[in-house]
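See structure below.
Readers should treat all values here as calculations from the given coordinates under stated rules, not as data from a laboratory. Owing to the predicted nature of the structure, the values given are computational and were not obtained by experimental measurement. Cβ sites come from the backbone with ideal geometry, for glycine too, and all protein chains shown count toward neighbours.
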Amino acid sequence: MSKGPQRIRGTQDIWGEEADRFQAVVAAFERVRRLYAFSRIEIPVFEATEVFARSIGETTDIVSKEMYSFPDRGGDSLTLRPEFTAGICRAYLSEGWQQHAPLKLATHGPVFRYERPQKGRFRQFHQLDAEIIGSDAPAADVELLVLADQLLHELGIQDGVTLNLNTLGDAATREAWRAALVEHFEAHRADLSEDSLNRLEKNPLRILDSKDPRDRPAADSAPVIDAFLTAEAADFFAAVTAGLDAAGVAWTRNGSLVRGLDYYRHTAFEFITDRLGAQGTVLAGGRYDGLIESLGGPPTPAVGWAAGIERLAMMIAAPEPARPQAALVPLGEAAEAAATGLAAGLRRAGIACDMAFKGNMKRRLAKADAAGVRFAIILGDDELAAGEAAVKDLRSGEQFRVALADLAGALVAR
């Protein structure tokens, strides 16, 4: 085996069944986003570093530890995207898309985070992303959640996946709740982990979802948001849950599901599974009404979600591999030249075909059979002289001759 250049740690070379699974996830997403009338967009793989620093938050682990940032030749700091939302919001502002609001947008592709590689987690990985920008209606949150639920059903992985839902309230709710949390956690300082003590200054909501056992008693006894919800925030959440009920989407309230950054509002959600070990979240999102304003734009309501393609691909049944319908078996130089033209004609007629170049006829037929091909098209000097091909149906064993001009029609008819 070659000892040439090696794959970079935390990246993947995807081939075979793994590539088929990956493609099946993307194809299902494309089908469903069309059903919901979401427009497909493409955005750059890198942005100015400040786009992510301002949107994801300077104090988060993603910005402080995980971003791939580098100076370009002009001295500007650029960053490979660690997620899609910030770049989509930047495009919404810089491309003048506000005039089309509300916008329903969908995309997928690679994202980059410098973190410790583990099962289902890579430094270059891939996400699906769906966003609605410019709508403050609870119906937008519902539509995204129903879309996500339908995607899981399309992939056949809905069993054992639970939608966890919470409200983070509006700005007034969040401010009052944050103050109560700070007071509560200050009273329990002696019991908190070092990470949570740091979060207490900058991001007290994050203590609620701490995985450190030392933090759990204080987190579990913390004030719940419901006591601080304004009437408007309570009505918004009630409209979201009523919409999910009307659409037949099951959900579970999870009061400790939070988002640390201040621009998050109202709905927060995660689709959780126990089928991937420790990495239980397969799709997550929420409403981020304050984000576009933090990027320097006007106040703009928005809601969205992202899902890891690799994680979804690990959960689906292995798709049937794509098999060519026909394999051409040319015998001799003249037949090989003719077979090239025949193959092009069959493909233009919508018939997937392959060419079996090497080995004797028996070996070539065995290879075609092993690949799951239905028809072997045998072409030798005798067939060429008669203007025909010998076709063998590898399922039934039947063999027949067809005029070369009629070949595509004969295969389609069968």
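Here is how the numbers come out for the structure above:
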{"quantity": "The stretch 95-189 - Rg over Rh from alpha carbon coordinates, Kirkwood radius", "calculated": "1.06"}
{"quantity": "Electrostatic dipole magnitude of the stretch 326-413 [Cβ: Lys, Arg +1; Asp, Glu -1; Cα centre; debye, to 20]", "calculated": "400"}
{"quantity": "A239 paired with Q23, simple spin-label distance in nm, labels 7 Å along Cα-to-beta-carbon", "calculated": "4.3"}
{"quantity": "FRET efficiency estimate (nearest 0.05) - Cβ-Cβ, N198 to E175, R0 22 angstrom", "calculated": "0.55"}
{"quantity": "Nearest-0.05 FRET efficiency for R73 and D220, computed from C-beta distance (R0 51 Å)", "calculated": "0.45"}
{"quantity": "Extension gain (nm, one decimal) between R34 and A386, 0.36 nm per residue minus Cα-Cα", "calculated": "121.8 nm"}
{"quantity": "At R0 = 25 Å, FRET efficiency that the Cβ-Cβ distance of A337 and R363 yields, to 0.05", "calculated": "0.70"}
{"quantity": "Total formal charge among the other residues, if their Cβ is under 13 angstrom from that of K362, Lys/Arg +1 and Asp/Glu -1", "calculated": "+4"}
{"quantity": "Dimensions in Å of the stretch 326-413 - Rg and Dmax from alpha carbons", "calculated": "11.5, 30"}
{"quantity": "Relative packing of 340-351, 21-32, which averages over residues the other C-beta atoms within 10 Å, highest first", "calculated": "21-32, 340-351"}
{"quantity": "Sequence-separation-based contact order of the chain, relative, with Cα cut under 8 Å and 6+ spacing, percent", "calculated": "15"}
{"quantity": "Of all DSSP beta bridges in the stretch 326-413, antiparallel share, percent nearest 5", "calculated": "55"}
{"quantity": "For the stretch 326-413: relative contact order, % (alpha-carbon pairs under 8 angstrom, 6 or more apart)", "calculated": "30"}
{"quantity": "Residues listed by number, the stretch 119-152, amide nitrogen under 11 Å from A352 label point at 7 Å toward C-beta", "calculated": "none"}
{"quantity": "Hydrodynamic radius by Kirkwood, which averages 1/r over all alpha carbon pairs of the chain, in angstrom", "calculated": "25.0"}
{"quantity": "Leading residue at positive end of dipole, the chain (Cβ point charges), from Y68, A408, P298", "calculated": "A408"}
